[in-house]
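Heads up, the thing below is written out as structure tokens.
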Amino acid sequence: MWALRLCRGLRAVPVPPVRALRSAVPPRPAWQHGEPRPGPQQVTAEVLGQLEHLALVDFRDAEGVERLQKAIRFADQLREVNTDGVEPMDSVLEDRCLYLREDDVTEGNCTEELLKNAREKVEEYFVAPPGNIPLPKVEDQETFLQGS
Amino acid sequence: MKAEEAFPEQSLAPWVPVVGLEIHAQISSNSKLFSGSQVQFAAPPNSLVSFFDASLPGTLPVLNRRCVEAAVMTGLALNCSINKKSLFDRKHYFYADLPAGYQITQQRVPIAVNGSLSYSLCIDNKMSQMVTKTVRIKQIQLEQDSGKSLHDDTRSQTLIDLNRAGVGLMEVVMEPDMCCGEEAAAAVRELQLILQTLGSSQAVMAEGQLRVDANVSVHHPGEPYGVRTEVKNINSIRFLAKAVDYEIQRQIEELENGGTILNETRAFDSKLGCTVPMRDKEGKQDYRFMPEPNLPPLILYDAKSLPANMNHQQVVNIDWIHKRLPDLPSVKRAKLVEQYGILPEHSFTLLNEDGLAEFFENVVKQTQMKPKKVIGWIIKDLLSHLKQHSLTVKESPVSSFLLADLLNLLVKKDISSTAAKQVLAELWKGEGKTPLEIVKEKKLGLIQDQKELEQICQAVIDRQENEVMAIKSGNQKVLNKLIGLVQRETQGRSNAVLVRQILEKKLSE
């Protein structure tokens, strides 16, 4: 739905009359790979709990978990690509030169500006809660995870 | 000492302690690893913080060349292979002093790998017997430091100062080749000296420029390694040895009582001299490492691979750095031993005190006394005075010139060595007098008048009839008593050798 709205929005942008008015982005996926895909078929409650703990996200309810599952299935398509003998690429910048900066002091001294964003401050220190507040353990969480 | 001999009182199967160290050395540079904020200890909170250090959106890391050079120098000094291509990664975890939620480090391919560090230990606490040991260096990696948290438990809050966030660190990972606190301490001390010699880090533990975490486990010989604990909050080299030894002992006792060791992080409490659990690694901490998308690989060059038309400022040449490495401590010690004929353990003491080796060499240059004799004065007398008054060599009230002057008087036999010690104590007051002036003032000069000496000797001989008889009947040892009496008469101002000659001559008449 949002894709259609985007296309209409694009058409509203003034473009040279010679160009086509239709967006090149298809409104729906043009093709999909077959199922089942390689990789685990289900996300376990244990893994979900770990993810929530590590990434500090909250999947909230069954719909959220389902969306996660769909996202993982979508990404699993990558496993179908044959990468034998191909060097892994870890950055599109890999053929660029890493710029080296001279060791000069050019920044800093903006305490006031930085603290402007802080909700709480104490004498030019940022204020944070004590240590890490541990998430409730898996047993204490809502039962929806166990139910799914 | 051998691991099995470390705890001989165990009548059960011997335990083999295994100690590995993770050392973070703060790079000595003007600005931070990825930003242009200043690096300085003790500045007003959050005054040395740029937008990137505060992790404000839209900021990007820019690598500091000096930090790369520092890591290469350190890698070369530790006999590592320098990776000409190394990569940066993100290590994710949440903590208030890590504003980005991740630390930029080098997990996959660090800048240097597979090195070694040689250090020396005294056997049986005797300085005269030293043994050389080696610990393997697994890798050296560049990474960011985090900010500082000040815990305010009364108000249930933590105050965050980001001045330290983003400062460049070299993490030196050592293989678990050590077996006790003494070895760990010696290895760290040598690393500290190397870093200070290179200038890549000032490595002052008290200022947090050198942080050591120890991984400790025990097992029986022939069995697989035991569960290890990580010990943190070690603030000095002395405490490192204590913490490691305590933890080894604790683990042995726990296991011998049928308990188990948890894979946990423990903090060293210096007041109590023990380790306490800090936080247990709930399940496993998963850092979700991923390549740092904003930084291309770091490419280093050597003389062969140097591209022709590249901007000098953008090139880090390993061979160029190698040529300019200063003499490492082990080389300096060997040179001192060879040049001055001093003992190896003396060379260790000289390098252990900042500036002492230089002081020694300056004294040798300005005096006729042989270096082998000078070293005794430096290590025994000067150093003990410095320690008594908690002074560094640079703060010494006695300059190398003054000491050389004093030693010259001794060499010329104008004073005895006891008198020389007295003069040194006077010089220490720093009242601006020369050694000669003090000698004259306190009448410490050796009696040079032969006749006067002979008179005193004769007087002693006349008084001590019993002793004279004993000597004449063959008991030569009693002569020492007579010499002692002469010394007392002259208030230490007689040359013992000369006195002996005079007495012997008189007694044989």
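Odds and ends about this structure:
- Helix-derived mean residue ellipticity, 222 nm - over chain B, DSSP H n ≥ 4, -39500 (n - 2.57), to 500: -10500 deg cm²/dmol
- Average partner coverage of B:293-304, which counts Cβ from other chains inside 10 Å: 3
- Sparse-neighbour loop sites [trypsin sites (Lys or Arg not before Pro); the range B:135-198; at most 16 other C-beta within 10 Å; DSSP]: B:Arg155
- Of the peptides B:308-314, A:95-101, A:107-113, B:173-179, the order by per-residue mean of other Cβ atoms within 10 Å, starting with the highest, comes out as B:173-179, A:107-113, A:95-101, B:308-314.
- Peptide-level mean, for B:314-321, of C-beta atoms on other protein chains within 10 Å: 1
- In plain terms, the bigger the Kirkwood radius, the slower the diffusion; for the range A:38-82, with that radius from Cα pairs, at 25 °C and 0.890 mPa s, Stokes-Einstein puts D at 215 µm²/s.
- Normalised by 2.2 N^0.38 Å, where N is the number of residues, the alpha-carbon radius of gyration of the range B:78-207 equals 1.29.
- Spatially proximal aspartates and glutamates relative to A:Lys70 (Cα-Cα < 20 Å; intrachain offsets below 8 disregarded): A:Glu35, A:Glu46, A:Glu52, A:Asp58, A:Asp61, A:Glu80
- When each of B:Lys372/B:Lys442; B:Lys412/B:Lys481; B:Lys335/B:Lys442 is checked by Cα-Cα distance, pairs over 31 Å: B:Lys335/B:Lys442
- Across the range B:12-287, C-alpha contacts under 8 Å between residues 6 or more apart give a mean separation that, scaled by the residue count, equals a relative contact order of 22 percent.
- Selection of GluC sites (Glu not before Pro), the range B:393-452, meeting DSSP coil and at most 10 other Cβ within 10 Å: B:Glu431
- Over all orientations, chain B has a Cα convex hull whose mean projected area works out to 35.2 square nanometres.
- Within 10 Å of the Cβ of each residue in A:118-129, the mean number of Cβ atoms contributed by other protein chains is 6.
- Excluding same-chain neighbours fewer than eight residues apart, the aspartates and glutamates reachable from B:Lys304 by a Cα-Cα span under 12 Å are B:Asp319.
Bear in mind these aren't lab numbers, they're just calculated from the coordinates by the rules spelled out. What you see is a predicted model, and the numbers here were worked out from it, not measured in a lab. No Cβ is skipped: glycine too gets one built from the backbone with ideal geometry, and neighbour counts run over all protein chains shown.
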